[in-house]
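K.L.:
Please see the structure below; I have some questions.
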Amino acid sequence: KLVSREFHPEDTVIRIGDVSLGAENLTIIAGPCAIESETQALTIAEHVQRAGAHIFRGGAFKPRTSPYSFQGLGEEGLKILAKVRETTGMPVVTEVIDHETFDLVEQYADIIQIGTRNMQNFSLLKRAGHSSKPVVLKRGMAATIDEWLMAAEYILEGGNSQLILCERGVRTFVHHSRNTLDLSAVPVVRKESHLPIIIDPSHAAGRRDQVIPLSRAGVAVSAHGLMVEVHHAPEQALSDGGQSLYPYQFERLCQQVRSIFGTF
Ligand code: PEP
Ligand code: MN
């Protein structure tokens with residue numbers, strides 16, 4: 001299989017402008033859950049860049065559980081992401097949720113994200129396989145690692161080898177967190193596959209107070225990067241405010257994970 005180490009013994013490294021993801025790098029992706037306005041995005045981007053983030057995240061098309069929740073700004077959100085890139089120089093990652101908007105998202109994004117709910121949306125995976133842009137494929141919230149790697153195989157088989165895996169927690173019976181971060185996925189994936197794997201502690205925890213410890217743990221198990229939600233005013237966030245870090249907390253997170261990474 002294309003995803004396996006037997007096929008490709010060396011670690012895959014994804015290059016997005018000046019940023020490298022994979023192998024010996026620790027790459028930090030940060031930003032709000034959703035793009036809410038130009039001011040919001042630029043304010044957060046400035047904070048996370050100063051703290052040490054390499055890539056900016058923000059949803060324009062949001063996959064929300066309730067149809068009454070904020071669905072994202074759509075194309076306007078993509079234009080704001082382009083503005084963030086222009087202003088800060090950071091590459092931007094944003095989620096694609098369906099086939100209809102794929103071309104549009106692809107035009108604006110430096111990295112295309114496929115979320116947990118679409119991990120086995122095979123037609124979307126095939127489309128991503130034909131994209132010229134790198135893809136982040138999140139693990140399905142109830143997917144085994146084999147199912148996740150087979151989903152990745154769809155993208156590689158389509159000809160796109162710029163693929164990053166993201167562990168974002170799986171559903172369990174507990175109530176102390178939104179999902180359960182499967183840290184053991186990191187060594188398993190690193191052994192089985194050459195693809196980079198990052199950790200999303202924010203959607204795993206669902207609450208701010210667990211994000212820094214889970215980030216430290218993610219780096220300790222040798223994830224290639226982190227994707228973290230940050231908001232300058234989480235209490236006013238239109239989505240996932242409860243798990244979004246304050247800028248000062250994100251700064252602390254960066255300092256702590258860099259010092260752990262530095263001990264390897
Ligand atoms: C996100 O990162 O914006 C997101 C919706 O995450 P997930 O697909 O992991 O729930
Ligand atoms: Mn979110």
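Every number in this text was worked out from the coordinates using simple rules, so none of it is lab data. Note that the structure is a prediction, hence the values are computed from the model and not measured. Cβ atoms come from the backbone with ideal geometry, glycine included; neighbour counts cover every protein chain shown.
K.L.:
Among the numbered criteria (1) assigned to a helix (DSSP H, G or I); (2) surrounded by fewer than 19 Cβ atoms within 10 Å (Cβ to Cβ), which single criterion is violated by Ser132?
P.N.:
Failing condition for Ser132: (1).
K.L.:
Could you go through the stretch 56-75 and let me know if any residue there is more than 16 Å from ligand 2 (Cβ to nearest atom), in a helix (DSSP H, G or I) and more than 19 Å from Gln243 (Cβ to Cβ).
P.N.:
Taking every residue of the stretch 56-75 in turn, at least one turns out to be more than 16 Å from ligand 2 (Cβ to nearest atom), in a helix (DSSP H, G or I) and more than 19 Å from Gln243 (Cβ to Cβ).
K.L.:
Being assigned to a strand (DSSP E or B), in contact (Cβ under 8 Å) with a residue 40 or more places away in the chain and either crowded, with 16+ Cβ neighbours inside 10 Å or of a type outside the set (S, T, N, Q) (or both) is the filter here, so list the residues in the stretch 1-20 that pass it.
P.N.:
If the condition is that a residue be assigned to a strand (DSSP E or B), in contact (Cβ under 8 Å) with a residue 40 or more places away in the chain and either crowded, with 16+ Cβ neighbours inside 10 Å or of a type outside the set (S, T, N, Q) (or both), then Ile14, Ile16, Val19 are the ones that fit.
K.L.:
Related question: Restricting to the stretch 27-46, give me the number of residues that are buried (at least 21 other Cβ atoms within 10 Å of the Cβ) and either at positive phi or in contact with a helix residue (DSSP H, G or I) (Cβ under 7 Å, 6 or more places away or on another chain) (or both).
P.N.:
Of the residues in that region, 7 qualify.
K.L.:
Would you please name the residue that is nearest to ligand 1 (Cβ to nearest atom), looking only at residues in the stretch 59-116 that are surrounded by 14 or more Cβ atoms within 10 Å (Cβ to Cβ) and polar (S, T, N, Q)?
P.N.:
Thr116
K.L.:
Please report, ordered by residue number, the strands (runs of 3 or more DSSP E) entirely within the stretch 139-230 with at least 3 residues that are closer than 27 Å to Gln40 by Cβ and among the β-branched types (Val, Ile, Thr).
P.N.:
none
K.L.:
I've got another one for you. Is at least one residue of the stretch 204-211 touching a residue at least 60 places away in the same chain (Cβ under 8 Å), out of contact with any Phe, Trp or Tyr (no Cβ under 6 Å at 6 or more places or on another chain) and within 12 Å of ligand 1 (Cβ to nearest atom)?
P.N.:
Checked the stretch 204-211: no residue is touching a residue at least 60 places away in the same chain (Cβ under 8 Å), out of contact with any Phe, Trp or Tyr (no Cβ under 6 Å at 6 or more places or on another chain) and within 12 Å of ligand 1 (Cβ to nearest atom).
K.L.:
Among the listed residues Ala34, Ala51, Ala45, Ala23, which satisfies the condition of being touching a Cys at 6+ places or on another chain (Cβ under 8 Å), hydrophobic (A, V, I, L, M, F, W, C) and in contact (Cβ under 8 Å) with a residue 40 or more places away in the chain?
P.N.:
Ala51
K.L.:
Given the condition of a type in the set (Asp, Glu) and within 16 Å of ligand 2 (Cβ to nearest atom), answer yes or no: does some residue in the stretch 18-30 qualify?
P.N.:
Checking the stretch 18-30: not a single residue is of a type in the set (Asp, Glu) and within 16 Å of ligand 2 (Cβ to nearest atom).
Yes/no per residue for (1) surrounded by 23 or more Cβ atoms within 10 Å (Cβ to Cβ); (2) at positive phi; (3) within 16 Å of ligand 2 (Cβ to nearest atom); (4) among the aromatic types (Phe, Trp, Tyr):
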| site | (1), (2), (3), (4) |
| --- | --- |
| Lys138 | yes, no, yes, no |
| Glu147 | no, no, no, no |
| Ala151 | yes, no, no, no |
| Ile164 | yes, no, no, no |
| Val174 | no, no, no, no |
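K.L.:
Which of (1) surrounded by 23 or more Cβ atoms within 10 Å (Cβ to Cβ); (2) away from ligand 1 (no atom under 16 Å from the Cβ) does Glu251 not meet, given it meets every other one?
P.N.:
Condition not satisfied by Glu251: (1).
K.L.:
Now a separate question. Being within 16 Å of ligand 1 (Cβ to nearest atom), within 30 Å of Ser259 (Cβ to Cβ) and part of a loop (DSSP other than H, G, I, E, B) narrows it down to one of Ala41, Ala53, Ala30, Ala23, so name that one.
P.N.:
Exactly one residue qualifies, and that residue is Ala53.
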